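To start, the structure under review is shown below, and the notes come after it.
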Amino acid sequence: MKNFILKNFHLIKENEQNSIISRVNEIVENFSLTYQEITLDINKRLKTSAGQIKYKINDEQYNKRVIISLSYNYYKEFGFTRILQTLNHELAHLVTLIKHNQGGHNKLFYHYCELLGGSTKYNTNEYIYSKKKWHYECLGCGVMFDMIIKIKNTKMNCSKCKNNITNFKIEKIKE
Ligand SMILES: [Zn+2]
Ligand SMILES: [Zn+2]
């Protein structure tokens, strides 16, 4: 292990700490990733996403200094197996970043994400959906979905049948 900075790792179990570190090591070695420093952070403030990776494309300095944050709240709510999938998602970003200097959820990213067994849904959405508060049902076609915030835009239409949002049945989800 070289040039890893660990933050808040005391929040998770020791065997989980080791799993994360050896997984990152494995990817770094398998893909021969060159970097200056990787910070791994179990982050208590990350509330709207399961994980996050910070870097800047085309910035040689920052490029090699990467911060991967994993949400402590997500870990508590969904357990370690799921946070490992999040880690793999972030590691897919790491590979596309360092090897190809590309960011975002593009085709190449999904290629690596699948290869590494990462969560392919946007992590943020998955976390947010667990916090959904409003249930919407289209009275035109019956399509249903849940939202964390109430839709304010009355010009919105159903993507399936084009029924206007004002003709939706809306219910608050009980917690
Ligand atoms: Zn991502
Ligand atoms: Zn509809």
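The values are calculated or read from the model by the stated rules, or taken from the named source; none is laboratory data. Note that the structure is a prediction, hence the values are computed from the model and not measured. Heads up, the Cβs are rebuilt from the backbone with ideal geometry, glycines too, and the neighbour counts pull from every protein chain shown.
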Taking only pairs six or more apart or across chains, which ones have beta-carbon atoms under 9 Å, a first residue in the range 18-45 that is in contact (Cβ under 8 Å) with a residue 24 or more places away in the chain and buried (at least 16 other Cβ atoms within 10 Å of the Cβ), and a second residue that is part of a strand (DSSP E or B) and charged (D, E, K, R)?
35/65; 38/65; 40/7; 41/7; 42/7; 43/7
Out of (1) modelled with pLDDT under 85; (2) over 21 Å from residue 21 (Cβ atoms), the one residue 141 does not meet is (1)
Of all residues being in contact with a helix residue (DSSP H, G or I) (Cβ under 9 Å, 6 or more places away or on another chain) and assigned to a loop (DSSP other than H, G, I, E, B) in the range 144-175, which is modelled with the lowest pLDDT? Just the residue, please.
148
Picked from the range 84-109 (must be within 14 Å of ligand 1 (Cβ to nearest atom) and among the β-branched types (Val, Ile, Thr)), the residue farthest from residue 6 (Cα to Cα) is 96
Keeping to the range 90-123, report how many residues are part of a loop (DSSP other than H, G, I, E, B) and touching a residue at least 24 places away in the same chain (Cβ under 8 Å).
7
Going by the conditions given, is residue 4 over 25 Å from residue 77 (Cβ atoms), modelled with pLDDT of 80 or more and of a type in the set (A, V, I, L, M, F, W, C)?
yes
